[in-house]
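The values are calculated or read from the model by the stated rules, or taken from the named source; none is laboratory data. Since this is a predicted model, take the numbers as computed values, not measurements. Here the Cβ positions follow ideal geometry from the backbone for every residue, glycine too, while neighbour counts run over all protein chains shown. Surface areas here come from the heavy atoms of the whole protein model, side chains and all, with no ligands, DNA or RNA. Shrake-Rupley method; radii C 1.70, N 1.55, O 1.52, S 1.80 Å.
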Amino acid sequence: MVVREVWEFRFRAFSAVAAAASALSIVIGGFVGLYTFRQQGLAADALKLKELRLIQYNEKKAVYYELVDAAAAVATSRTRQEVERNATKYSTLYYGKAHIFVIDQSVYEAKVAFYSAIADALKMGEFPSYSLQALSLKLASTCREVLRAEDVFGPQEASGAHGVVER
């Protein structure tokens, strides 16, 4: 009988240890599951934010390219009529698309400087205008500076290693 009691005691002890280990593994599994769920949520949020930045970048890029092209057309115009025609396109962008979203401050300043220079060039009547050409280049340079792929993709991805065009 003593042997049987010893084995029953051992069996109960092993059962208690097994039950405690099962309970502990359930608790640890729950924490791991919650951690994994949280990490997946954070990763999904980061991906959504990256997608939104990409959309904004593409919109900004399209508008800035148009603005720079319109400025270049004005700056390289050879006659007053050509300047006036091309200035209309620039003005349309200036008052339209270039104000749909938050425009970068440096681009805003370059855009306004170029717009003001158009009026000055028309008053002076010198075409092509070297001051307009210089300001057109400044506007293009300013747009290029703010259209950095690093802002969307991060410095590692924007380096060209992942198929992204280098700046």
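Roughly what percent of Cα-Cα pairs across the chain reach past 27 Å?
Values: 7457 of 13861 pairs.
Cα-Cα pairs in the chain separated by more than 27 Å: 54 percent.
Ignoring the sites themselves, what is the longest stretch of the chain with no GluC sites (Glu not before Pro) in a DSSP loop and at most 16 other beta-carbon atoms within 10 Å? Working shown, then result.
Values: sites that count: GLU126, GLU166.
The reported range is 1-125.
For the chain, find the longest principal axis of its Cα atoms and tell me its angle to the long axis of helix 130-146, 0 to 90°, nearest 10.
0 degrees
State the percent of C-alpha pairs, over all pairs in the stretch 80-123, separated by a distance greater than 14 angstrom.
Numbers: 481 of 946 pairs.
Across the stretch 80-123, Cα pairs with separations above 14 Å total 51 percent.
Per the 1.4 Å probe, what fraction of the accessible area of the chain, in percent, lies on carbon and sulfur atoms? Could you put the intermediate results ahead of the total?
On the way: 7260 of 11630 Å².
About 62 percent, which is the carbon plus sulfur part of the accessible surface.
So which chymotrypsin sites (Phe, Trp or Tyr not before Pro) in the stretch 51-121 pass both tests, a DSSP loop state and at most 14 other Cβ atoms within 10 Å of the Cβ?
Working: sites: TYR57, TYR64, TYR65, TYR90, TYR94, TYR95, PHE101, TYR108, PHE114, TYR115; in loops: PHE101.
Answer by residue number: PHE101.
Place a point 7 Å from the Cα of VAL112 along the Cα-to-Cβ direction; which residues of the stretch 58-74 have their backbone N under 17 Å from it?
It comes to no residues whatsoever.
Nearest 0.05, what FRET efficiency do PHE37 and ASP104 give at R0 = 25 Å with Cβ-Cβ as r? Let's see the in-between values first.
Values: r = 38 Å, r/R0 = 1.51.
So the FRET efficiency works out to roughly 0.10.
Taking 22 Å as R0, compute the FRET efficiency from the Cβ-Cβ separation of ARG85 and GLN133 and round it to 0.05. Write down the numbers at each step before the final one.
Numbers: r = 17 Å, r/R0 = 0.79.
It comes to 0.80.
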